[in-house]
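**Student:** Attaching a single structure in structure tokens format; questions to follow.
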Amino acid sequence: MIDVQTKMAGRALELLCLPEGQPCYLLDIGCGSGLSGDYLSDEGHYWVGIDISPAMLDAALDRDTEGDLLLGDMGQGIPFKPGTFDGCISISAVQWLCNANKKSDIPAKRLYCFFSSLYSVLVRGARAVLQLYPENSEQLELITIQATKAGFTGGVVVDFPNSAKAKKFYLCLFSGPSTFLPKALTETTDEEEATESAFTSERIQRRMARRGVVRKSREWVLEKKERRRRQGKEVRPDTQYTGRKRKPRF
């Protein structure tokens with residue numbers, strides 16, 4: 001599940017088309033335990049996550065995620081000042097607004113409240129990429145209509161449309177003039193299939209995407225500490241022991 005969540009977060013970040021090599025301030029809707037936020041941090045971005053579940057946010061705090069966390073219901077709006085964020089991602093969350101858990105819940109109104117507030121908190125010209133699992137075409141139409149009413153342009157990118165298992169929906173929204181929709185992924189290449197089919201007994205260290213920095217290495221730890229300093233957090237000073245693997249104790 002962690003691997004799938006990370007891959008979808010990577011795809012959503014790719015669809016945002018952010019400036020290359022420039023840290024951005026992003027919003028993660030339905031951030032859960034912070035798995036997608038960890039990917040954003042690994043890519044050098046700053047982020048704020050919002051989720052309706054206190055238990056999931058507690059799990060994110062236990063995992064020591066680097067983003068700021070907010071307890072809130074996205075169906076009641078996004079409580080930030082206009083133009084706060086350079087972009088927004090969401091993984092497997094928006095479709096829940098189509099459910100009415102109480103008699104007072106009207107899906108169309110909750111969706112419009114969400115999209116109109118999201119439109120406000122984004123910098124003009126920024127994008128929002130929302131990965132979702134619509135139950136049917138009517139639900140997807142309801143979501144896109146409310147997004148359009150709120151001022152967004154854009155459309156739906158469907159990756160691997162011919163695969164029952166790998167098929168993924170990404171709602172790509174633009175808060176400025178209409179631009180072209182990114183191309184959807186179709187078939188996996190032979191190289192990708194070979195990588196997914198390979199099995200090994202060796203332990204391979206996880207690497208940060210695009211930068212090749214080994215996770216938990218000294219370089220990775222120093223980058224993480226530097227990001228925390230820029231965020232104004234208290235960080236221990238760097239020493240010759242920073243990032244060094246400790247020997248097991250008996």
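The values are calculated or read from the model by the stated rules, or taken from the named source; none is laboratory data. This one's a predicted model, so the numbers in the text were calculated from it and none came from an experiment. All Cβ positions, even for glycine, are placed from backbone atoms using ideal geometry, and neighbour counts span all protein chains on display. For accessibility, only protein heavy atoms count, side chains too; no ligands or nucleic acids. Shrake-Rupley method; radii C 1.70, N 1.55, O 1.52, S 1.80 Å.
**Student:** Output the qualifying pairs, or none if there are none: Cβ atoms under 7 angstrom, residues six or more apart or on different chains, first residue in the range 11-39 and touching a residue at least 24 places away in the same chain (Cβ under 8 Å), second residue outside any loop (DSSP other than H, G, I, E, B) and exposed (fewer than 15 other Cβ atoms within 10 Å of the Cβ).
**Tutor:** L35/I2
**Student:** While we're here: Hey, can you tell me all the residues within the range 152-181 that are open to solvent by less than 30 Å² (accessible area, probe 1.4 Å) and part of a loop (DSSP other than H, G, I, E, B)?
**Tutor:** F152, S175, G176
**Student:** Please state which one of V121, V129 is modelled with pLDDT of 95 or more and touching a Pro at 6+ places or on another chain (Cβ under 7 Å).
**Tutor:** Going through V121, V129 in turn, the sole match is V121.
**Student:** What pairs come out if I take residues in the range 215-226 that are open to solvent by 40 Å² or more (accessible area, probe 1.4 Å) and pair them with residues that are modelled with pLDDT under 85 whose C-beta lies under 6 Å away, six or more apart or interchain?
**Tutor:** Listed by first residue and then by second, the contacts come to R215/R206; R218/G243; E219/V213.
**Student:** Condition first: of a type outside the set (A, V, I, L, M, F, W, C) and either out of contact with any strand residue (DSSP E or B) (no Cβ under 8 Å at 6 or more places or on another chain) or at pLDDT 75 or above (or both). Now tell me which residues in the range 206-226 satisfy that.
**Tutor:** Listed by number, the residues that qualify are R210, R211, G212, K216, S217, R218, E219, E223, K224, K225, E226.
**Student:** Among what's in the range 125-163 and is of a type in the set (D, E) and touching a residue at least 12 places away in the same chain (Cβ under 8 Å), pick the residue that is farthest from Y112 (Cα to Cα).
**Tutor:** In this case the residue turns out to be D159.
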